[in-house]
1. In whole Å and largest first, what semi-axes does the C-alpha gyration tensor of the range A:281-328 yield when each eigenvalue is scaled by 5 and square-rooted?
2. For helix C:199-212, report the angle its Cα long axis makes with the longest principal axis of the Cα atoms of chain C; keep it between 0 and 90° and round to the nearest 10°.
3. In peptide C:224-233, how many Cβ atoms from other protein chains are near each Cβ within 10 Å, on average?
4. Show D:153, D:168, D:67 ordered by accessible area, largest first, where the area counts protein heavy atoms only and the probe is 1.4 Å.
5. List the aspartates and glutamates whose Cα sits under 15 Å from the Cα of residue C:116, skipping any in the same chain fewer than 8 residues away.
6. What range in chain C is the longest one free of trypsin sites (Lys or Arg not before Pro) that are in a loop by DSSP and have at most 13 other Cβ atoms within 10 angstrom?
7. Taking the DSSP beta bridges in the protein assembly as shown as the whole, what percent of them are antiparallel, to the nearest 5?
8. Principal axes first, then extents: for the Cα atoms of the range D:112-255, list largest minus smallest coordinate on each axis, whole Å, largest first.
Amino acid sequence: MSNFNCDSTELERRFQLRVDEEQRIEPKDWMPEKYRANLIRQISQHAHSEVIGMQPEGCWITRAPTLHRKIVLLAKVQDEGGHGLYLYSAAETLGVSREELIDRLHSGSAKYASIFNYPSLTWADVGIIGWLVDGAAIVNQITLQRTSYGPYARAMVRVCKEESFHQRQGYQSVMALARGSDEQKAMAQDALDRWWWPSLMMFGPHDGESAHSAQSMKWKIKRESNDSLRQRFVDQTVPQAEYLGLRIPDSKLRWNEERGHYDFGEINWEEFENVISGNGPCNRQRLAHHVQAHQDGDWVREAVRAYDRKQLDRVGATEAAGNRKKHAA
Amino acid sequence: MSNFNCDSTELERRFQLRVDEEQRIEPKDWMPEKYRANLIRQISQHAHSEVIGMQPEGCWITRAPTLHRKIVLLAKVQDEGGHGLYLYSAAETLGVSREELIDRLHSGSAKYASIFNYPSLTWADVGIIGWLVDGAAIVNQITLQRTSYGPYARAMVRVCKEESFHQRQGYQSVMALARGSDEQKAMAQDALDRWWWPSLMMFGPHDGESAHSAQSMKWKIKRESNDSLRQRFVDQTVPQAEYLGLRIPDSKLRWNEERGHYDFGEINWEEFENVISGNGPCNRQRLAHHVQAHQDGDWVREAVRAYDRKQLDRVGATEAAGNRKKHAA
Amino acid sequence: MTKISGNEHLFRYVLALADDALVLGQNLSEWCSRGPYLEEDLALANVALDYLGRARMFFEYAAQIEDKGRTEDDLAFLRDSREYRNYLLHELPRGDFAYTMARQLMVDVFSLEYLKALCKSTDETLSAIAQRTVKESEYHLRRSRTWVVRLGDGTEESHTRMQKAFDDLWGYSHELFEGDDSERALVAEGISVDSSTIRNEWDRVVNEVLSEATLKRPDEGWAIRGGRNGIHTESFGPMLAEMQYMQRAYPGLEW
Amino acid sequence: MTKISGNEHLFRYVLALADDALVLGQNLSEWCSRGPYLEEDLALANVALDYLGRARMFFEYAAQIEDKGRTEDDLAFLRDSREYRNYLLHELPRGDFAYTMARQLMVDVFSLEYLKALCKSTDETLSAIAQRTVKESEYHLRRSRTWVVRLGDGTEESHTRMQKAFDDLWGYSHELFEGDDSERALVAEGISVDSSTIRNEWDRVVNEVLSEATLKRPDEGWAIRGGRNGIHTESFGPMLAEMQYMQRAYPGLEW
């Protein structure tokens, strides 16, 4: 990587120029290897997050309290899978196969959003996840609609549209609880208490401590800093919680007139590091679930390949027979 | 089998004499091959019935309505397994291994009581099974305490003691329902409606149509005819149902003063044949459940054999070392 | 036997159709995050959603017919197992992918023909529901048909699994064509579909698919019945316990 | 934070012990008809019965302490998941036979020491329960110990399964030695057992068994906590739904 020759330095300069001018980079364009690698890491992490994110809410599909909620939830989890698909496709334009990406997920070398390593314990969690987790995701993804890599930016446009729909549904579902019985209110508050801090962690470490941030900002595969995105999320979410009559579990939370933003307490970074590095409450179950499903599907994928080969052979045989006939004629 | 020589005819005559004199036949005694084969069939069928019979009630252990009922039910299902063990041991004294008996069960060549091919659908079924199915089993097994084969007779003594306990527990459990809410009464009546006829079928075909009956009676591995056992069961059960205020689903059922017995309707023999021959509602699930558990245990049994071999080798090695030392000394 | 009014028959008829859809939708929804391809997760979720959507329409209509203040959710979640009257085929656990696809083929061929006939129902609501859903079943059938052929004619393993799936499921197909008293009572007025009339077309299509998939049609000797009488399989109770949990634990609340 | 009275601490303490016993008993009971040997079905049912018996004694006592008219069954069956405070180790699904036996070893070593200490409780009921159950745990430990050694030192497959089981379970062991506020509040009066004092003996015995079984003690880095705060695993909800079904569907009846 370090022995650039003149040509590639020049290519890189031109590349950066295009990025600076907000031109979209497309799959067939030249790009620095590190840009490609970084994008693959980021997009696949995003894709894996969507797919692993199907689990915490998915475990409530069979127990949803009404037909309406069951349908809404199943459709939502399905959409997350759909986002995973868009994003895998975007990553594939960078010359990596989905199978490789999944291998990296299973081997632990690729990550996913650490929030999905917390368990979803009550029905209220489903609503809170929609409200907070999808809410946090959107704050980030809206900026990524302007990311420098074309396929990624376009995937984000589609994803954002659906996510805001989910976020609203989640909020409405929490509202039903907040306006419900005492038990329901308590359930909603309990879920908010458990998911609030992990939601803030979704934006990653403070700007100074983020490994990839500076270069990613320069390449515009990241458009805004972790801390500023987190602040935006807090600012938009606090009034929503107030409206619901729910209490955000942060004694330091207060409006700062001067800054025009909410001040809020410090994240427990030790917990963040612990969960990221594989020791969260559900890391093993999440991965095991995905690996199991994938292994259970081995024979199906193999059968599809075998069937397709047979079909090709048959077409081949028919054509050959056709050719023989022609020659014989 | 048909070319008996003089000796074996003589042996057989003496054997029958002993049986006629109500002497017990023991494992080391000479016995006709057909007696042995018939006993193996009968005892193993009985053992398999106990083991397969764990399933219909077993599926309610995790859903029992109170801690007390959960404990009673688990202990009962455990006892059934225990009866299976006594009976497999009794069969093994006839020179057949448990592994062979299980193979025959899995291959379909050995049968089990066809009543266990009906599903257990509500909590009431658990009580009704205890009352009717264990009740019917006892009526038969009491006579088998005097069966001619010693190990079988002794197993029956132990089994009978526990079964009457189960039967009382089942009856009490139904009584709790019969004295409970309308829903509970309806649940008990529904279960009685579904299990009554299969219970009567437990005694097998009419005396004239029973394949093994005549020879088995002569050998005293069967002590009373199917029809007379069935009559006894009906006679003892009808007053019990009356006491509970439950209706037996048989419009022909009435007391016959002259006979001193209850008259009752005709069994649906077509259904009986259908279920016996493998086409009952649960035949496949019952067998599949047993096969699955057995397969899941393959690696465990293999590990136990391997461990035991290693232990033997170690003992051998230690002894060999001891011998070497002795020689060296 | 208590005399059942025409309205009661209609209620029971619609409720049974609702149960079929709910129970199958519930089973299929378990595939979400467990499919062999991500694409398949989404496709199976689609099928599940179609069935749950049908369930909702049928339950709404049943509640309206009953007119005793019970809601669609009361009917869906607050009956005990013996009151559900879905066909057994719909309630069997999802099994492996072959099992799910074999069942889908059997159900889809049946549903498509049934809904086509129900489009002509003299009951406007039933006819409207059928018209809204018949296209879905066409799509479902295209999928299950393709999968059965691919897996039947794929590898040795996939062939074995498909054949075993059909062998294990076949006994549950017979009751589909037998209907129940309520269905029969409503045939004359042209409200219900006489299921027995579907048998021939079902046989034709299923045989065609099996043959294309190099699979053997299982023997007919074995037949399990009971769904329409609430005689279920033992796996039904635990499934219900899970499905009903929230409504049972928190009765009477809005969600 | 609301101040908790001594009585409330005792209630919470006893209830947590009841939850541990119930949830493990429930899990173990699933082995009935599923063991590798018929003998093992019976033996595991015995262990399950011992745990369910303990659960009953603890729930009875908890109901008595609470004195609000709730019965043992109300406490056992009519709380929602967040109110159960069992250790997570107890609620994990039974897994394969290796997983069940690895868990049992971990739980049995702990329970035996815990009950021995609880025998000396100044609370007579707790001391009596401990005295009635400590022999059971001795027997349980002999069994789980034997199985772990046999399977660890059996075939390559059984060794791999046992090692994987310990690796997957280890993270749940830490919270066993941490107790909760109620346990700590009752230590001074000699009512409760200070779980942290059990750690050394647990380590000693478990290390000894692992070494005899030719197994590696897993790394300590990974630790999951939450049971005593009602933060469960996701498998807990469906298990609860099944366990509570009858009480939820038919509230307030006698069985």
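1. Details: eigenvalues 419, 7, 3 Å².
So the three semi-axes of the range A:281-328 are 46, 6, 4 Å.
2. It is inclined by approximately 30 degrees.
3. 3
4. Working: D:153 15, D:168 45, D:67 125 Å².
Listed by decreasing accessible area, they come as D:67, D:168, D:153.
5. Here the aspartates and glutamates satisfying the reach criterion relative to residue C:116 are C:108, C:124, C:136, C:138, C:194, C:201.
6. The answer is C:121-215.
7. Working: 6 of 8 bridges.
Around 75 percent of the beta bridges assigned by DSSP in the protein assembly as shown are antiparallel ones.
8. Its Cα atoms span 52, 41, 30 Å along the three principal axes.
The values are calculated or read from the model by the stated rules, or taken from the named source; none is laboratory data. Every value quoted in this text rests on a predicted model; they were computed, and no experiment measured them. Don't worry about glycine lacking a Cβ; one is built from the backbone with ideal geometry, like all the others, and counts go over all protein chains shown. The accessibility values were calculated without ligands, DNA or RNA, using every heavy atom of the protein model including side chains. Shrake-Rupley method; radii C 1.70, N 1.55, O 1.52, S 1.80 Å.
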